[in-house]
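> Please read through the structure below; I'll follow up with questions.
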Amino acid sequence: MTFDPQAVRAFEHAGWQQAAAHYASTFARATRGFIDDLLADARVSAGMDVLDLACGPGAVAAAAAGRGALPVGLDFSSAMIALARAGHPGIRFEEGDAEALPFADGSFDAVVSNFGVHHVPEPIRALREAYRVLRSGARVAFTAWAAPTENIAWRLLYDAIAAHGDLEAANAPAPGGSLRQPEDLLRILNASGFAETEAKRVRCKWHVVSARDLLEGFCRGTVRTAALIDAQPAAALPQIEAAIARSIAAYHCPEGFAVPITAILGSGVRG
């Protein structure tokens, strides 16, 4: 499939506009567990000017503010920005493009992004923009999902679809970058000019009540994975959910299920 950045941007924008209303109550339960590690690797502390790229409903910006930092959140989805402003009225949120940031050179002490960079059509362009708006010696840090082979929540879903549906059914444009391994994040950090680059796996648990809860998280709180689920034949969906229910039993806990998930956390310094 030919890479078309405009098609990726349109696909992602339409998807996040739709997912915004449900994201905080669904898929954010998976992403929020990585916020502390993200802010720690960016060395976020009191008094720092921090840019939260692809901020969504504002959870990372709010956590940065909780550390005494002065965050600004940016997202290309007006629906996400509206939720962020409503939920965190004391924080500045702007609608804008991560590949063309509306900020002056050297405006920030840190730039962070929690599972945002891999949704951008051209991740290196976004990181070069992050480099531009950082002050000398300041840090960038961002997360991306590890490959499904080592990410059990995705494996539960994909195995169920492979058995009862079609893994090739989604009509989605090719993504701008496959950021699934530490070396993938190091590659784009280095290509963007950052020094002291690092990338590591970070592990967490996605707590869900049921198999339906996991499936709903993907359906209503993601874009690319949601498109795959939406493309399945209606008759296959009950079988997919039943297969997830059988597999998820291995991760039972008192509150439901604690499904292991893995992120890659990359960071670097502007020289």
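> Specify which of the listed residues (A227, A258, A250, A245) is surrounded by fewer than 18 Cβ atoms within 10 Å (Cβ to Cβ) and touching a Ser or Thr at 6+ places or on another chain (Cβ under 8 Å). Spell out how you get there, then give the answer.
Working: A227 fails: touching a Ser or Thr at 6+ places or on another chain (Cβ under 8 Å); A258 fails: touching a Ser or Thr at 6+ places or on another chain (Cβ under 8 Å); A250 fails: touching a Ser or Thr at 6+ places or on another chain (Cβ under 8 Å).
Exactly one residue qualifies, and that residue is A245.
> Related question: When the residues of segment 134-160 are narrowed to those that are β-branched (V, I, T) and either buried (at least 23 other Cβ atoms within 10 Å of the Cβ) or without any contact (Cβ under 8 Å) to a residue 12 or more places away in the chain (or both), which ends up farthest from A242 (Cα to Cα)? Write out each step before concluding.
Here is the first cut: in segment 134-160, the residues β-branched (V, I, T) are 140, 143, 149, 152.
Now narrow it down to the ones that are either buried (at least 23 other Cβ atoms within 10 Å of the Cβ) or without any contact (Cβ under 8 Å) to a residue 12 or more places away in the chain (or both): 140, 143, 149.
On the way: V140: 41, T143: 31, T149: 21 Å.
Per the stated criteria, the residue is V140.
> Testing D166 on (1) in a helix (DSSP H, G or I); (2) surrounded by fewer than 14 Cβ atoms within 10 Å (Cβ to Cβ); (3) more than 23 Å from the chain's Cα centre (by Cα); (4) of a type in the set (D, E, K, R), one condition comes back false. Which one is that?
Tallying (1) in a helix (DSSP H, G or I); (2) surrounded by fewer than 14 Cβ atoms within 10 Å (Cβ to Cβ); (3) more than 23 Å from the chain's Cα centre (by Cα); (4) of a type in the set (D, E, K, R), D166 fails exactly one: (1).
> When you scan segment 36-43, do you find a residue that is touching a Gly at 6+ places or on another chain (Cβ under 8 Å) and surrounded by fewer than 24 Cβ atoms within 10 Å (Cβ to Cβ), even just one? Lay out the reasoning, then the answer.
Filtering segment 36-43 down to residues touching a Gly at 6+ places or on another chain (Cβ under 8 Å) leaves none.
No, there is no match, as no residue in segment 36-43 is touching a Gly at 6+ places or on another chain (Cβ under 8 Å) and surrounded by fewer than 24 Cβ atoms within 10 Å (Cβ to Cβ).
> So, one more: What are the residues in segment 169-184 that are in a helix (DSSP H, G or I) and touching a residue at least 60 places away in the same chain (Cβ under 8 Å), if any?
Within segment 169-184, the subset in a helix (DSSP H, G or I) is 182-184.
If the condition is that a residue be in a helix (DSSP H, G or I) and touching a residue at least 60 places away in the same chain (Cβ under 8 Å), then P182, D184 are the ones that fit.
> Another question about this same structure. With the structure loaded, tell me whether Q6 is within 16 Å of the chain's Cα centre (by Cα) and of a type in the set (S, T, N, Q) or whether it fails that test.
Details: within 16 Å of the chain's Cα centre (by Cα): no; of a type in the set (S, T, N, Q): yes.
Against the criterion (within 16 Å of the chain's Cα centre (by Cα) and of a type in the set (S, T, N, Q)), Q6 does not qualify.
> Something else about it: Using beta carbons and a limit of 8 Å, which pairs, at least six apart or on different chains, have the first residue in segment 65-79 and touching a residue at least 60 places away in the same chain (Cβ under 8 Å) and hydrophobic (A, V, I, L, M, F, W, C) and the second one part of a strand (DSSP E or B) and surrounded by fewer than 22 Cβ atoms within 10 Å (Cβ to Cβ)?
F76/E95; F76/D97
> Among the residues in segment 114-130, are any touching a strand residue (DSSP E or B) at 6+ places or on another chain (Cβ under 6 Å), of a type in the set (S, T, N, Q), modelled with pLDDT of 95 or more and not in a helix (DSSP H, G or I)?
If we filter segment 114-130 for residues that are touching a strand residue (DSSP E or B) at 6+ places or on another chain (Cβ under 6 Å), which is where we start, we get 114-118, 130.
Then drop every residue that is not of a type in the set (S, T, N, Q), which leaves 114.
Then drop every residue that is not modelled with pLDDT of 95 or more, which leaves 114.
Still in the running and not in a helix (DSSP H, G or I): 114.
Yes; the residues of segment 114-130 include at least one that is touching a strand residue (DSSP E or B) at 6+ places or on another chain (Cβ under 6 Å), of a type in the set (S, T, N, Q), modelled with pLDDT of 95 or more and not in a helix (DSSP H, G or I).
> In segment 192-235, what residues are in contact with a strand residue (DSSP E or B) (Cβ under 6 Å, 6 or more places away or on another chain) and assigned to a helix (DSSP H, G or I)?
Let us first name the residues in segment 192-235 that are in contact with a strand residue (DSSP E or B) (Cβ under 6 Å, 6 or more places away or on another chain), namely 194-209, 214.
Listed by number, the list holds a single entry, L214.
The values are calculated or read from the model by the stated rules, or taken from the named source; none is laboratory data. Only a predicted model underlies this, so the values are computations on that prediction, with no experimental measurement involved. Note that we place each Cβ from the backbone using ideal geometry, even for glycine, and neighbour counts take in every protein chain shown.
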